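Note sheet for the following structure.
The values are calculated or read from the model by the stated rules, or taken from the named source; none is laboratory data. Being a predicted model, the structure only gives us computed values, none of them experimental. With ideal geometry, Cβ positions are generated from the backbone for all residues, glycine too; neighbour counts draw on all protein chains shown.
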């Protein structure tokens, strides 16, 4: 895992946590326990009744034992973080459920 993360350092990533949160930001650091430091981060919250809500988090640390999936790129950005505005205002979805068996 560490070799892959080194390739993504200073690039936009999206993290799905074990408690169902979807957090995007620029990967600034990590350690051997997969603790992640994200800069300019935000959480995307999905709802059936409203468009996705973006909650700015700023500098954010995700504990390694709460990381389920790490993907390169940002959610809601065309081309994976190309700097274009989000075009997912029409998206409706159930909130992501907690990943079973980890808690």
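Brief remarks on what is shown
- Taking the criterion of being under 18 Å from residue 96 (Cα atoms) and either surrounded by 13 or more Cβ atoms within 10 Å (Cβ to Cβ) or in contact with a helix residue (DSSP H, G or I) (Cβ under 8 Å, 6 or more places away or on another chain) (or both), the residues of segment 28-55 that qualify are 42, 43, 44, 45, 46, 47, 51, 52, 54.
- Qualifying residue in segment 15-31 (condition: in a helix (DSSP H, G or I), farther than 25 Å from residue 94 by Cα and either touching a residue at least 12 places away in the same chain (Cβ under 8 Å) or touching a strand residue (DSSP E or B) at 6+ places or on another chain (Cβ under 9 Å) (or both)): no
- Selection from segment 31-72 of residues that are within 13 Å of residue 5 (Cβ to Cβ) and modelled with pLDDT of 95 or more: 35, 36, 37, 38, 62
- Test: residue 58 is in a strand (DSSP E or B) and surrounded by fewer than 19 Cβ atoms within 10 Å (Cβ to Cβ): yes
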